[in-house]
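The values are calculated or read from the model by the stated rules, or taken from the named source; none is laboratory data. What you are looking at is a predicted structure, and each value in this text was computed from that prediction instead of being measured. Reconstructed Cβ throughout: ideal geometry from the backbone, glycine too, with neighbour counts over all protein chains shown.
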Amino acid sequence: MEVRAVGKYLRVSSQKARLVADMVRGKKVDDALILLRFTPKKSGRLITKILRSAMANAENREIGDLEKFYVKTITVDQGPRLKRFRPRAMGRATPIIKPSSHITVILDEKK
């Protein structure tokens, strides 16, 4: 049975978060948590929180043994971008785009 957790409006670029998401896709939950723990990227911490949330959802719904779960799918979608401006020389301004992303983790039980 599938269990899912979603993190929305996370302040990380979706392109950078996909690099970490590709590492844990298809792995067992325990192996994925170990990989994410030693990943020096910001998105590693964010994906760890979402993965732990999905595990808690499975535990609350009393679906099965947590050791049998694996990361079935993990998707990283673009969220809204914050648009800011920085003053530059001679009265000009340059835009600064601050991206956000939505991360969805779906766990399933190994048969």
Item to check | Residue satisfying all of: in the range 99-111; in a strand (DSSP E or B) and either hydroxyl-bearing (Ser, Thr, Tyr) or exposed (fewer than 11 other Cβ atoms within 10 Å of the Cβ) (or both); farthest from the chain's Cα centre (by Cα) among these | outcome: Ser101
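In the range 62-98, which residue that is more than 22 Å from Gln15 (Cα to Cα) and touching a residue at least 60 places away in the same chain (Cβ under 8 Å) is nearest to the chain's Cα centre (by Cα)? Give the steps one after another, and end with the answer.
Taking the range 62-98 and keeping what is more than 22 Å from Gln15 (Cα to Cα), we get 62-70, 85-94.
In the following step, the residues that additionally are touching a residue at least 60 places away in the same chain (Cβ under 8 Å) were identified as 63-64, 69.
Numbers: Ile63: 23, Gly64: 23, Phe69: 17 Å.
Among residues in the range 62-98 that are more than 22 Å from Gln15 (Cα to Cα) and touching a residue at least 60 places away in the same chain (Cβ under 8 Å), the one nearest to the chain's Cα centre (by Cα) is Phe69.
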Next on the checklist: Can you find a residue that is at pLDDT 95 or above, over 15 Å from the mean Cα position of the chain (by Cα), of a type in the set (A, V, I, L, M) and surrounded by fewer than 16 Cβ atoms within 10 Å (Cβ to Cβ) anywhere in the range 5-15?
Outcome noted: no
Item to check | Residue check, Met1 in a loop (DSSP other than H, G, I, E, B) and more than 12 Å from Thr104 (Cβ to Cβ) | outcome: yes
